[in-house]
Every structure is written in structure tokens, then in C-alpha cells.
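Beneath this line is the structure, given in C-alpha cells, with notes to follow.
The values are calculated or read from the model by the stated rules, or taken from the named source; none is laboratory data. Predicted, not measured: the structure shown is a model, and the values here were computed from it. Every residue, glycine as well, gets a Cβ built from its backbone with ideal geometry; the counts of neighbours run over all protein chains shown. Side chains included, ligands, DNA and RNA excluded: accessible areas come from the protein's heavy atoms. Shrake-Rupley method; radii C 1.70, N 1.55, O 1.52, S 1.80 Å.
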Amino acid sequence: MSFLVTAVAAALAVTAPLGATTPGHGPNVHGQFEAAGSGNHRAVTFDKKGVPEKSRVAVVERKGKDGTRVVLRVRGLQGSRTYGAHVHQKPCGNAPDDSGAHYQNVKDPKSPSVDPKYANPQNEAWLDLTTDKRGNGRSATTVKWRFRAGEARSVVIHEHATETAPGKAGTAGARLACVNVPFD
């Protein structure tokens, strides 16, 4: 009987629902990229070369007394490539722009936000990464604030590293893929 209980508990642990949390922690999301329009909006790709279908993604949020840590891991993307990545305000959809703008701790009154005063890694959650030869990569950021409830809903992977110059700050090219993350 104890073997059966252990097997059931292990199965439940493996199939935890999207956005499952551990006490004291935020969501721990794992997914596989599917083509936009497939009806599966857990993780969608808009560019099958840069972010191939069936490639994998994981996003973890950890909250501490000093702020928030977000970790992004990818497997099977295009190898030896640098991607921009950021937390966005809205969930993924069928179109790249459905995920809205970057989440900002202090909101820029102008949109789109390209002012380095607002579009910077201290005010936004930037997760740029470079993949290895096999297309695997990892990135993490720690910010000194927490996400406002319901205002951070996804992580978007962009075409290239994030710009920092005035008039371009926060931009990273086309939106290649998106993963839904119910940030706390």
C-alpha cells in the first residue's frame, strides 16, 4: 500500500498544474513551445526557426524579503544565439503583441517606453540569455520589488539582446515566443 501511495504522490508531483506554487514561493512553470493559433497558450512560438516547436521553457519566481528573483531556462532553441527576454503585462495570445508591454515597477507615462529612466533592468525584469551550441540557456534576475497582483502575466523571448540607449531602451526586436506565467 505504501508503494502505491508513493507512486501516486510522485505522479502528482510530476503533473503539477501550470503556475503551481510552493509555500513562500511564486509560480514554477514548465512548458513546451507550440505554434501560435494551436489553442495552447501555455507557451507559444511565433518564429519556429528561433524558437522551434517542442523546444522547452521553465520560469520560476522566488520572493524574498529583499525583492523578487526570476529564473528563465530554455532547451532546444537556436544554438549559439543571444535572445532578449522580459516579463510582460498580459498573457500570451495568437499574436506577438497580445502580451502587452514590459512590466515596469515604476510605470513610464509614455508608451512605448524607450526612456532609460523607466526601461532598465532595475525597473523591469530583464532575462536576456545566450544559448549554447545545443540551444540551451539560463538567465536570472533579482529586482528589489514585487510584481503587482495581476499586472505581470508572461515572459516574452525577443529577437536580440535588450537595447539600453535613449530612444531604444528596453527594445529587443521581434517577439519570437511567449510563455504564460501567473506572477504573484
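Just a few scattered comments:
- The chain: angle of helix 2-14 to the longest principal axis, Cα-based, in degrees nearest 10: 20 degrees
- Equivalent ellipsoid semi-axes - Cα gyration tensor, the chain, angstrom: 28, 20, 15
- SER111 exposes around 110 Å² of accessible area when a 1.4 Å probe is run over every protein chain in place.
- Convex hull of the stretch 112-184 built on C-alpha atoms - directionally averaged projected area, nm²: 5.5 nm²
- Accessible surface for TRP145 stands near 20 Å², nearest 10, in the context of the full protein assembly shown (1.4 Å probe).
- Stretch gain in nm, segment LYS54-HIS25, where the contour uses 0.36 nm per residue and the Cα spacing is subtracted: 7.7 nm
- Listed by chain and number, the lysines whose C-alpha is less than 19 Å from the C-alpha of LYS144, apart from same-chain residues fewer than 8 away, are LYS63, LYS65, LYS107, LYS117.
- Think of the chain as having a plus end and a minus end, set by charges on the Cβ of Lys, Arg, Asp and Glu; of PHE183, GLY167, THR131, THR131 sits farthest toward the positive end of this dipole.
- The chain: most fluctuating residue of ASP128, ASP66, ASP97 per GNM, C-alpha cutoff 10 Å: ASP66
- Label-point separation, LYS107 to ASN120 (7 Å along Cα→Cβ), nm: 2.1 nm
- Dipole magnitude of the stretch 24-174 about its Cα centre (Cβ charges: Lys, Arg +1; Asp, Glu -1), debye to nearest 20: 540 debye
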